[in-house]
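Q: Dropping the structure in here first, questions after.
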Amino acid sequence: MPSNWKKLSIFYELPYWLNNLLKHNIDVIHTEKNVCDSVLGTIMDIAGKTKDGLKARFDMQLLKIRPELHPRPLPNGKYFLPGACYSMDNPKKTMFLNVLKNLKTLDGYSAYIARCVNVQQRKSFGLKRHDSHVLMQQLLPLAFRKTLPSKVSKVLMELSSFFRELCSKVSRPEDFEELEKRIVTIVCELERIFPPAFFDIMVHLPIHLATEARLGGPVQYRWMYPIERYLYTSKKYVRNKAHPEGSIAEGYLADECVTFLSRQHKTTLSMMHPRLSDLERQRKHKHEFADWFKNHIRLLMKSKVSIAEVLDLLAEGPFSSARKFTGYTTQGYNFKVVSKENGTKTQ
């Protein structure tokens, strides 16, 4: 194989590839998570996640920029790293994490963020993609207000606003054009604050997100959330771990067969009986079902057919007393009494 040989993707051989405006589809949720991890890891100096360290300071010294942040040698052979404007001291780290620890979100709005926070060790861990999505767009601007200098918090709030507007459900083409201009300014402002090591490829990718949204449409139709939810469903089909693909194929086929048969059964029943409108069916059920059910149970009892006791009780009609509940769910919303909500982590 020649040393200068380079393997190209098969897409470059397609006749329409040169005229294809959207040649890539950058996933927003993974980009957003990586940017969120870089921001959190750097401002909180989390080991293994921070982009500011001794090597990053040596890079600035080599580039002859920001002399106030250059490492200073100590008599014991180690180096002292001066504090930067984007880093927090221990009291501010504690304040920042307490905001996330004591936060109460709506039921179903997000996962329990407090489980990813360790106030004693002053670090965050185990953030999933949707956790980073909620943090980046909604929670971090609240926590940054009193823990970072205004010139740093302002830029990070602008970055948060960019992702929030990019993922908006209602957008116009001119909105994406405005976001294209804003993200360039935001990245330039970040370059004036964070060290050069902060700007890896994942921090560069947001520059292309607004352009892709303008060409390909809203991000909700192109990100990985629906695919990952279906992958979660597919994993449930696995029964033989030695052959997971076969298990998924058989489970999918069985699910499709059951769905088809159930729909076919409903179609057959609708052809055998006169079709009533939904309003007529509800009215008929409301006025006639109670009497029909009561008479039907009495006929069964007269014919000495054994029936469950619960059916006999149902045939007698509703009781004059009712049970009291501390909450209920309707139309996707959860409602709880105040005493019940005080002991929960959500509201």
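Q: Sort through LYS169, LYS181 and tell me the only one that's more than 28 Å from LYS93 (Cα to Cα), of a type in the set (D, E, K, R) and touching a residue at least 24 places away in the same chain (Cβ under 8 Å). Quick ask: steps written out before the conclusion?
A: On the way: LYS181 fails: touching a residue at least 24 places away in the same chain (Cβ under 8 Å).
Going through LYS169, LYS181 in turn, the sole match is LYS169.
Q: Would you point out the residue of region 108-148, among those that are charged (D, E, K, R) and surrounded by 15 or more Cβ atoms within 10 Å (Cβ to Cβ), that is farthest from ASN90 (Cα to Cα)?
A: ARG129
Q: Ok, one more. Determine whether region 41-59 contains at least one residue that is closer than 30 Å to ARG222 by Cα and hydrophobic (A, V, I, L, M, F, W, C).
A: Looking for residues that are closer than 30 Å to ARG222 by Cα and hydrophobic (A, V, I, L, M, F, W, C), one finds none in region 41-59, hence no.
Q: If the requirement is being within 30 Å of GLU228 (Cβ to Cβ), β-branched (Val, Ile, Thr) and out of contact with any strand residue (DSSP E or B) (no Cβ under 6 Å at 6 or more places or on another chain), which of these qualifies: ILE65, ILE43?
A: ILE43
Q: From the list ALA84, ALA56, which residue is in a loop (DSSP other than H, G, I, E, B), in contact (Cβ under 8 Å) with a residue 12 or more places away in the chain and open to solvent by less than 80 Å² (accessible area, probe 1.4 Å)?
A: Every option except ALA84 fails the conditions.
Q: Just one of PRO75, PRO71, PRO67 is open to solvent by less than 40 Å² (accessible area, probe 1.4 Å) and either basic (Lys, Arg) or at pLDDT 90 or above (or both); which is it?
A: Numbers: PRO75 fails: open to solvent by less than 40 Å² (accessible area, probe 1.4 Å); PRO67 fails: open to solvent by less than 40 Å² (accessible area, probe 1.4 Å).
One residue alone meets the criteria, PRO71.
Q: Now for a separate question. Just to verify a result, which residue in region 65-102, among those that are of a type in the set (Gly, Ala, Ser) and within 19 Å of LYS151 (Cα to Cα), is farthest from the chain's Cα centre (by Cα)?
A: Among those residues, the one meeting the criterion is GLY83.
Q: Of the residues that make up region 18-31, is at least one part of a loop (DSSP other than H, G, I, E, B) and within 30 Å of LYS78 (Cβ to Cβ)?
A: no
Q: Kindly list the number of the only condition in (1) touching a Gly at 6+ places or on another chain (Cβ under 8 Å); (2) open to solvent by less than 20 Å² (accessible area, probe 1.4 Å); (3) not β-branched (Val, Ile, Thr) that fails for ASP89.
A: So ASP89 meets the others, but not (2).
Q: Can you name the residue in region 165-181 that is more than 16 Å from GLU32 (Cβ to Cβ) and in contact with a helix residue (DSSP H, G or I) (Cβ under 8 Å, 6 or more places away or on another chain) and is also surrounded by the fewest Cβ atoms within 10 Å (Cβ to Cβ) among such residues?
A: Just the residues of region 165-181 that are more than 16 Å from GLU32 (Cβ to Cβ), to begin with: 169-178, 180-181.
Narrowing further to those that are in contact with a helix residue (DSSP H, G or I) (Cβ under 8 Å, 6 or more places away or on another chain): 169, 171, 173, 175-177, 180.
On the way: LYS169: 6, SER171: 17, PRO173: 10, ASP175: 16, PHE176: 20, GLU177: 13, GLU180: 16.
So the residue we want is LYS169.
Q: Also: I'd like the full set of residues that are open to solvent by 60 Å² or more (accessible area, probe 1.4 Å), farther than 30 Å from ARG182 by Cβ and either among the aromatic types (Phe, Trp, Tyr) or in contact with a His (Cβ under 7 Å, 6 or more places away or on another chain) (or both), limited to region 201-257.
A: If the condition is that a residue be open to solvent by 60 Å² or more (accessible area, probe 1.4 Å), farther than 30 Å from ARG182 by Cβ and either among the aromatic types (Phe, Trp, Tyr) or in contact with a His (Cβ under 7 Å, 6 or more places away or on another chain) (or both), then TYR230, TYR232, TYR252 are the ones that fit.
Q: Of all residues in region 34-52 being open to solvent by 20 Å² or more (accessible area, probe 1.4 Å) and not basic (Lys, Arg), which is farthest from the chain's Cα centre (by Cα)?
A: Let us first name the residues in region 34-52 that are open to solvent by 20 Å² or more (accessible area, probe 1.4 Å), namely 34, 37, 45, 47-52.
Those left that are additionally not basic (Lys, Arg): 34, 37, 45, 47-48, 50, 52.
Values: ASN34: 13, ASP37: 14, ASP45: 25, ALA47: 25, GLY48: 24, THR50: 23, ASP52: 27 Å.
Among residues in region 34-52 that are open to solvent by 20 Å² or more (accessible area, probe 1.4 Å) and not basic (Lys, Arg), the one farthest from the chain's Cα centre (by Cα) is ASP52.
The values are calculated or read from the model by the stated rules, or taken from the named source; none is laboratory data. Since the structure is predicted, the reported quantities are computational estimates derived from the model, not experimental observations. We place every Cβ from the backbone using ideal geometry, glycine too, and count neighbours over all the protein chains shown. Calculation scope for accessible area: heavy atoms of the full protein, side chains included, ligands and nucleic acids excluded. Shrake-Rupley method; radii C 1.70, N 1.55, O 1.52, S 1.80 Å.
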